[in-house]
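Since the structure comes first, as structure tokens, the remarks are kept for the end.
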Amino acid sequence: MNPFFILILVLAAVYGKLVEALVLLGVVLWHESFHILMVKAYRLHVSEVELLPCGGVARIDALLQLNPEIEWFVAIAGPLSNGLLLFLAYALLPYVQVEPSWFEFFVQANLGMAVFNLLPALPLDGGRVLRAFLAKRRGFKDATRVAARLGQVLAIALAGWGVYLVALTRLQGLLHVFSGLMLFLVAMQEMKNASYVFMRYLTSKRQELRLKRVLVAREIVATEEASLGEVLRHVQPPHYHLIWIIDLEGGIIGFLDELELIGALFEHGLSHKVGAVKAHRI
């Protein structure tokens, strides 16, 4: 739990809004739980979930980012979960007595969580969807940089709006200022992490090779016109892969190992031709 989030809860208690803050906390936990369920469905690892004033951030295994299609599904699960919660709320409304003001607050909390997270800016879910879309064409690092920059622009706008509200003596503007500050810092961290995600993957793979000393190798044959994304679809952990590159006549051009394939993927994106990657020539 981020210290700023704890501060928000304290301020809410001071101003008699603790129950509303706890409802928002429940909505955030519901949202993040669906990210975790989707990640577990793909057998990936969630290292932690950090609760921020502007929501939550689930930190997930770097392998997720190697496949933009998986990242897209994991990201969109959060906003869809809020839609599901709204559907259940309206379905149960005729059978449960709830004060209209509380029901309206619950609806606004879920709509706000879903719509805000769909904005195309990291670290929001919409930013992860945008990165997954851009990574296919521009590579992971460049896609992260674009989405994180948009996140920082959004953070500045959010904090600026908060300052304006505070100037009007509306204390809820402090929440916007805190949220904007945290959003800016997390977006900056996402940008920095892009340079280390690949290194973490290489380190883990090399450590596995050193510890086990022998890994089962699996060979893949691809023509020089095949894309990195097409090759990646045939990679099956926990095998170590060797990719043979052939020309259209069936002649062997050279080969790549798995780590070189992943390096090319991060550098160039899924649509890059495997024949254009510097390979070990025969």
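Bear in mind that the values in this text are calculations on the coordinates, not laboratory data. Model, not experiment: these values are computed from the prediction. Every residue, glycine as well, gets a Cβ built from its backbone with ideal geometry; the counts of neighbours run over all protein chains shown.
When the P(r) is computed for the stretch 1-102, the part past 20 Å accounts for 50% of the Cα-Cα pairs. The charge dipole of the chain, taken about its Cα centre with unit charges on the Cβ atoms of Lys, Arg (+1), Asp and Glu (-1) only, comes to about 600 debye. Within the chain, the selection of entire DSSP H helices by a Cα span of 30 Å or greater along the long axis and an average Kyte-Doolittle value of at least -0.5 returns 18-41, 68-92, 140-167, 173-212. Just how far, in whole angstrom, is the stretch 243-271 from the stretch 116-152 if you go by their alpha carbon centroids? One Cα centre to the other: 26 Å.
Please arrange MET188, MET1, MET182 by counting, for each residue, the other beta carbons lying within 10 Å of its beta carbon, fewest first.
MET1, MET188, MET182
Sorted into 10 angstrom bins from 0, the C-alpha pair distances of the stretch 53-185 split as 12, 34, 30, 19, 5, 0 percent. Please report the net charge: other residues with Cβ closer than 14 Å to the Cβ of LEU215, K and R +1, D and E -1. Here the count lands on +2. Among LEU18, LEU228, LEU165, the order by Cβ neighbours within 10 angstrom, fewest to most, reads LEU18, LEU165, LEU228. The residue among VAL28, ILE76, ILE156 whose Cα reaches farthest toward the positive pole of the charge dipole of the chain, with charges on the beta-carbon of Lys, Arg, Asp and Glu, is ILE156. Between GLU225 and VAL115, the simple spin-label model (points 7 angstrom out along Cα→Cβ) gives 4.8 nm.
Computed FRET efficiency, Cβ-Cβ of ASP247 and ARG213, R0 41 Å: what is it to the nearest 0.05?
Details: r = 35 Å, r/R0 = 0.85.
It comes out at approximately 0.75.
For the options VAL39, VAL74, VAL23, a Gaussian network treatment of the chain with springs between C-alpha atoms closer than 10 Å singles out VAL23 as fluctuating the most. Cβ-to-Cβ counts within 10 Å put LYS40, LYS17 in ascending order as LYS40, LYS17, the fewest first. Note on LEU29 and HIS280: with the Förster distance fixed at 41 Å, the Cβ-Cβ geometry gives a FRET efficiency of about 0.25. Against the globular-protein guess of 2.2 N^0.38 Å, express the Cα radius of gyration of the stretch 215-281 as a ratio, rounded to two decimals. In units of the globular-protein estimate, the stretch 215-281 measures up at 1.00. Spacing of the modelled spin labels on GLN97 and GLN172, each 7 Å from Cα toward Cβ, amounts to 2.8 nm. Taking the chain as a Gaussian network of alpha-carbon nodes connected by springs under 10 Å, the highest mean-square fluctuation of the residues GLY254, GLY229, GLY162 belongs to GLY254. Only helical runs count toward this figure. For the chain, summing -39,500 (n - 2.57) over DSSP H runs of n ≥ 4 and dividing by all residues gives -21500 deg cm²/dmol at 222 nm. Highest GNM mean-square fluctuation among GLY56, GLY26, GLY269, for the chain modelled with Cα contacts below 10 Å: GLY26. Hydrodynamic radius of the chain by the Kirkwood approach over all distinct alpha-carbon pairs: 21.1 Å.
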